[in-house]
1. Only one residue in ALA16, ALA35, ALA64 is within 18 Å of THR103 (Cβ to Cβ) and either in contact with a Cys (Cβ under 9 Å, 6 or more places away or on another chain) or assigned to a helix (DSSP H, G or I) (or both), so which one is that?
2. Among the numbered criteria (1) touching a Phe, Trp or Tyr at 6+ places or on another chain (Cβ under 6 Å); (2) open to solvent by 90 Å² or more (accessible area, probe 1.4 Å), which single criterion is violated by ILE14?
3. Identify the single condition in (1) open to solvent by less than 90 Å² (accessible area, probe 1.4 Å); (2) closer than 30 Å to ASP79 by Cβ; (3) aliphatic (A, V, I, L, M) that VAL54 does not satisfy, given that it satisfies every other one.
4. Looking at this structure, is LEU8 open to solvent by less than 80 Å² (accessible area, probe 1.4 Å) and on the phi < 0 side of the Ramachandran plot?
5. Could you give me the residue pairs with C-beta distances under 8 Å whose first residue belongs to the range 49-61 and is free of Cβ contacts under 8 Å to residues at least 12 places away in the same chain, whose second residue is open to solvent by 70 Å² or more (accessible area, probe 1.4 Å) wherever it lies, and which are 6+ apart or on separate chains?
6. Take the conditions surrounded by 14 or more Cβ atoms within 10 Å (Cβ to Cβ), not in a strand (DSSP E or B) and not hydroxyl-bearing (Ser, Thr, Tyr) and apply them to CYS98. Does it pass?
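The values are calculated or read from the model by the stated rules, or taken from the named source; none is laboratory data. This structure is a prediction, so every number in the text was calculated from the model and none was measured. Quick reminder, even Gly has a Cβ in these numbers, built from the backbone with ideal geometry, and neighbours come from all protein chains shown. These accessible areas exclude ligands, DNA and RNA; they are computed on the full protein's heavy atoms, side chains included. Shrake-Rupley method; radii C 1.70, N 1.55, O 1.52, S 1.80 Å.
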Amino acid sequence: MFRFLLILVVAVLIGAFVTKPSEGDINLMLRERLAAEIENGAGLDASDPGAQLVLGLCKSNRAACIDLLSQFVRVGYEDEILYARLDVTLPGKSRRSCIAAFTTVACPGFLQD
């Protein structure tokens, strides 16, 4: 039984090491999340014509809009052995600390406020 648990723990540690998202993976996840926010309306007020104009322009040229918006998001990446620590700062919001492991990012409330 001890041998099985030891093998299981070693397998989980190896899995964490191998599947830790890289800095490029994090940037790709950020761009995908920004694209989803643009598609969902990005929390803009439907009665504000200026906001709707910006949203319409972003939907017409999504790649350029994502490039522009991603310039305002600051992501600090610290590579640890089994996980990555992220410090994410959005304009007008407080800094958030996140953990990236097993191909996912656990970040409480990121782009959901």
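1. Working: ALA35 fails: within 18 Å of THR103 (Cβ to Cβ); ALA64 fails: within 18 Å of THR103 (Cβ to Cβ).
When all the criteria are applied, what remains is ALA16.
2. The single condition ILE14 does not satisfy is (1).
3. Just one mismatch for VAL54, condition (2).
4. Details: open to solvent by less than 80 Å² (accessible area, probe 1.4 Å): no; on the phi < 0 side of the Ramachandran plot: yes.
So LEU8 fails the test.
5. ALA51/LEU44; ALA51/ASP45; GLN52/LEU44; GLN52/ALA46; VAL54/LEU44
6. Numbers: surrounded by 14 or more Cβ atoms within 10 Å (Cβ to Cβ): yes; not in a strand (DSSP E or B): no; not hydroxyl-bearing (Ser, Thr, Tyr): yes.
Considered against the rule, which asks whether it is surrounded by 14 or more Cβ atoms within 10 Å (Cβ to Cβ), not in a strand (DSSP E or B) and not hydroxyl-bearing (Ser, Thr, Tyr), CYS98 comes out as no.
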